[in-house]
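Step one of this worksheet: look at the structure below.
Read the figures in this text as sums done on the coordinates, not as results from a lab. Please read these numbers as outputs of a predicted model, since none were measured by experiment. Cβ placement follows ideal geometry from the backbone for every residue including glycine, while neighbour counts extend to all protein chains displayed.
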Amino acid sequence: MKTIVVGVCGGIAGYKAIEIVHSLTKKGYDVHVIMTKNATEFITPLTFQSLSHNPVVTDMFNPIDKWDTKHIQLAKKADLFLIAPATANIIGKIACGIADDMLSTTVMATKAPVIIAPAMNTNMWENPILKDNVRKLTTYGYKVLETGHGQLACGDIGTGKLLDWTAIVTVVENSLL
Ligand SMILES: Cc1cc2nc3c(=O)[nH]c(=O)nc-3n(C[C@H](O)[C@H](O)[C@H](O)COP(=O)(O)O)c2cc1C
């Protein structure tokens, strides 16, 4: 059984990660979810725990359930790492080598392929600093997905929407082949 670690960040598109986790679990993958602290403002760990049938990690230091450190354990266990939705913040942190929470630290520690599905306001998505960070991640081998176009949660119309969740699941499955 292939293991997929799904990182969920603090964006309004977090509810779409619920469908992704549900779908991947139903397809037979071993899905482990890491949520940023800010992601828990939008959705609860309990939802992901119930759907993935695995504990959800939100904190670097609690719980340390075994002798093993959880971020290294998950980083090694992953056959593939998906971050969806990925905020401008996590993209910037990974691009700069910052590892200051469970998600950014585990991504830093993994050798698995990493797929990043960004979701943010159009102005954030078009910000040249963000674009530079995406380019940098791409040169290091991270797969950064395109965003969709349409009406955003804030009411703006433009790019920056999370790619349709079914398309994300397809990319994940194809990457595992
Ligand atoms: C209602 C609301 C919606 C937000 N949506 C997004 C979003 O879609 N994309 C994004 O990059 N940031 C969004 N933010 C800002 C992030 O939550 C903020 O940058 C945070 O620091 C991200 O933390 P994380 O990357 O650790 O999850 C939103 C904030 C609020 C209050």
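For the residues 124, 102, 35, a GNM of the chain with alpha-carbon springs under 10 Å puts the largest fluctuation on 124.
Volume per residue, Å³, of the convex hull around the alpha-carbon atoms of the range 124-176?
Details: hull volume 3.8 nm³, N = 53.
Dividing the Cα hull volume of the range 124-176 by its residue count gives 71 Å³.
Both radii come from the Cα set of the range 83-177: Rg as radius of gyration, Rh as Kirkwood radius; their ratio Rg/Rh reads 0.96.
Report the per residue volume, in Å³, of the convex hull enclosing the C-alpha atoms of the range 1-56. Could you put the intermediate results ahead of the total?
Numbers: hull volume 3.2 nm³, N = 56.
Output value, Cα hull per residue: 57 Å³.
Using only side-chain charges placed at the Cβ, +1 for Lys and Arg and -1 for Asp and Glu, the dipole size of the chain relative to its Cα centre rounds to 380 debye.
Summing -39500 (n - 2.57) over the DSSP H runs of n ≥ 4 in the chain and dividing by its residue number, what mean residue ellipticity at 222 nm do you reach, to the nearest 500 deg cm²/dmol?
-12000 deg cm²/dmol
All Cα-Cα separations within the chain were binned at 5 Å from zero, giving a P(r) of 1, 9, 19, 23, 22, 15, 8, 2, 0, 0, each value a whole percent of the pairs. Placing unit charges on the Cβ atoms of the charged side chains and taking the dipole of the range 39-177 about its Cα centre, the candidate lying farthest along the positive direction among 127, 56, 115 is 115. Counting only Cβ charges, +1 for Lys and Arg and -1 for Asp and Glu, the dipole size of the range 106-177 around its Cα centre is about 280 debye. Give me the percent of DSSP beta bridges within the chain that run antiparallel, rounded to the nearest 5. Of all bridge pairs located within the chain, approximately 20 percent are antiparallel.
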